[in-house]
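So the structure is just underneath, and the comments pick up after that.
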Amino acid sequence: MPILQKQFPEIVDFYLPPEGCSYRMAIVSINKQYPGHAKRVMFGVWSFLRQFMYTKFVIITDADVNVRDWKDVIWAMTTRMDPARDTTIIDNTPIDYLDFASPVSGLGGKIGFDATNKWRGETQREWGKPIRMTAAVKEKIDGIWEELGIL
Amino acid sequence: MHYKDLRDFIAQLEQLGELKRIPLEIDPYLEMTEICDRTLRAEGPALLFENPKGHSIPVLANLFGTPKRVALGMGQESVTALREVGQLLASLKEPEPPKGFKDALDKLPLFKQVLNMPPKVLSKAPCQEKVLVGSEVDLSRLPIQTCWPEDAGPLITWGLVVTQGPHKSRHNLGIYRQQVIDKNKVIMRWLAHRGGALDFQEWQQVHPGEPFPIAVALGTDPATILGAVTPVPDTLSEYAFAGLLRGSRTEVTRCLTHNLQVPASAEIVLEGFIYPDETAPEGPFGDHTGYYNEVEAFPVFTIER
């Protein structure tokens, strides 16, 4: 990750879920700086390091999403993505011959999901504002939580 | 297990360790949300806030916070039994005629259950023991939560809205959130394709310019609450479906303001009308999506009783 961050300092976290054969899917959170930024990072992941040549799924999120928690990632995908607009599909890219799902041995597709908040230019619509509890209320409940004895 | 009203369900949940009483004073403004949110994420118990700040009526929350409590509310013991409820629904939607005498006998239990479906109308009901009329109506006496910091105001989150279309004999039950805007007015936020909105639309065509009768039940037995959120076939009343879940007919009573029927054991019933052309901008409110949603105009429900 430090090597990646050297080239792309906007990358906040980078996660390869082990259940995705350790390299076939990457979830990347970024500090988004301009429209289309997620796509640049997608192509960066695919092209910068040879190790990620076989990473056939790339999901890009904003920095407020914990890429190591599926619940968070699925929330970002289902609330910040339009499937038709925000997916990038490429065919005939290098794939490891172990991947029997690719149409030809050694050659297959890649897909990128832009699950970041959409900016002016990327959308014309008023965008959703995430709900957050106030710090004062959180603090007050922290203070009485033990006394409540709920869990 | 079947429950005759919400209090019965609360008592049973408490025995099972599925409900926690909170005697501490808690503010319905934001504080309850924070406690419920933490409890829900930890798959914790239902919560009964016995001492809401500024109010004397307790607040029941996180009631259906786990699949197990949904199953219990439907009268089942386990989550897997919910599949049987689904199969029952499917067979009611497309009933198959019995194939011969033996098959007819096998289907008897199902038909016996269907007999439980029509609601039973009581002339005297607990929900009408105490009645407030006209200027006595004051929603600020109810401990209605304001859930999130940027919400437009207090919100009735789980009111069972009872409506009836002009061409239908069945009563429709739906859960639509209701923003409180006055001591006797809330905004009825139903999406255009939902049962209540369709009933209202048909009413306006048949009775142009006339007020549309509505009743809202707060705190009913669990089968009725869950019946109202289950996608039952459009021709079937949620009362009938609740009767099926419960294994006994839903007890209802006639409203004092109009002819709608409401669950007899409801803790609180709001009766009134939507007056033609009265709408108000609703929201924003923090939604189940995790975001605040946009402001949109919806009809205003005026509470008479």
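The values are calculated or read from the model by the stated rules, or taken from the named source; none is laboratory data. In this text, all values refer to a predicted model and were calculated from it rather than measured experimentally. Cβ placement follows ideal geometry from the backbone for every residue including glycine, while neighbour counts extend to all protein chains displayed. Accessible surface areas use protein heavy atoms only, side chains included; no ligands, DNA or RNA. Shrake-Rupley method; radii C 1.70, N 1.55, O 1.52, S 1.80 Å.
Some values worked out for this structure:
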| item | result |
| --- | --- |
| Hits in segment B:172-202 (condition: more than 23 Å from B:Leu63 (Cβ to Cβ), open to solvent by less than 40 Å² (accessible area, probe 1.4 Å) and of a type in the set (A, V, I, L, M, F, W, C)) | B:Ile187, B:Ala197, B:Phe200 |
| Yes/no for B:Glu210 being surrounded by 15 or more Cβ atoms within 10 Å (Cβ to Cβ), over 27 Å from B:Gly86 (Cα atoms) and of a type in the set (Asp, Glu) | no |
| Residue within segment B:10-22 that is assigned to a helix (DSSP H, G or I), facing chain A (nearest Cβ under 9 Å) and crowded, with 19+ Cβ neighbours inside 10 Å present | no |
| Condition broken by A:Ile95, with the remaining ones in (1) of a type outside the set (Gly, Ala, Ser); (2) farther than 29 Å from A:Ile30 by Cα; (3) open to solvent by less than 20 Å² (accessible area, probe 1.4 Å); (4) touching a Ser or Thr at 6+ places or on another chain (Cβ under 6 Å) satisfied | (2) |
| Residues located in segment B:265-274, provided they are out of contact with any Lys or Arg (no Cβ under 6 Å at 6 or more places or on another chain) and either over 15 Å from B:Thr163 (Cβ atoms) or open to solvent by less than 30 Å² (accessible area, probe 1.4 Å) (or both) | B:Ser265, B:Ala266, B:Glu267, B:Ile268, B:Val269, B:Leu270, B:Gly272, B:Ile274 |
| Filter result (at pLDDT below 85, in contact with a helix residue (DSSP H, G or I) (Cβ under 8 Å, 6 or more places away or on another chain) and either within 26 Å of B:Asp5 (Cα to Cα) or among the basic types (Lys, Arg) (or both)) within segment B:79-91 | B:Ala81, B:Leu82, B:Val85, B:Leu88, B:Leu89 |
| Selection count where residues are open to solvent by less than 60 Å² (accessible area, probe 1.4 Å) and part of a loop (DSSP other than H, G, I, E, B), scope segment A:32-65 | 7 |
| In segment B:37-48, residue most open to solvent (accessible area, probe 1.4 Å) [restricted to those that are out of contact with any Asp or Glu (no Cβ under 9 Å at 6 or more places or on another chain), touching a residue at least 12 places away in the same chain (Cβ under 8 Å) and at the interface with another protein chain (Cβ under 10 Å from one of its Cβ atoms)] | B:Glu43 |
| Segment A:75-98 - residue that is assigned to a strand (DSSP E or B) and among the hydroxyl-bearing types (Ser, Thr, Tyr) and, of those, nearest to the other protein chains (Cβ to nearest Cβ) | A:Thr87 |
| Some residue of segment B:266-278 being in a loop (DSSP other than H, G, I, E, B), touching a residue at least 60 places away in the same chain (Cβ under 8 Å) and of a type in the set (Gly, Ala, Ser) | yes |
| Hey, A:Arg68 of a type outside the set (Val, Ile, Thr), more than 10 Å from chain B (Cβ to nearest Cβ) and in a loop (DSSP other than H, G, I, E, B) or not | yes |
| Restricting segment B:53-95 to residues that are out of contact with any Phe, Trp or Tyr (no Cβ under 9 Å at 6 or more places or on another chain) and within 14 Å of another protein chain (Cβ to nearest Cβ), the residue that is surrounded by the fewest Cβ atoms within 10 Å (Cβ to Cβ) | B:Thr66 |
| Qualifying residues in segment A:99-144 (those that are of a type in the set (Phe, Trp, Tyr) and open to solvent by 70 Å² or more (accessible area, probe 1.4 Å)) - the one farthest from the other protein chains (Cβ to nearest Cβ) | A:Phe100 |
| Test: residue in segment B:234-243 that is touching a residue at least 60 places away in the same chain (Cβ under 8 Å), part of a loop (DSSP other than H, G, I, E, B), surrounded by fewer than 16 Cβ atoms within 10 Å (Cβ to Cβ) and hydroxyl-bearing (Ser, Thr, Tyr) | yes |
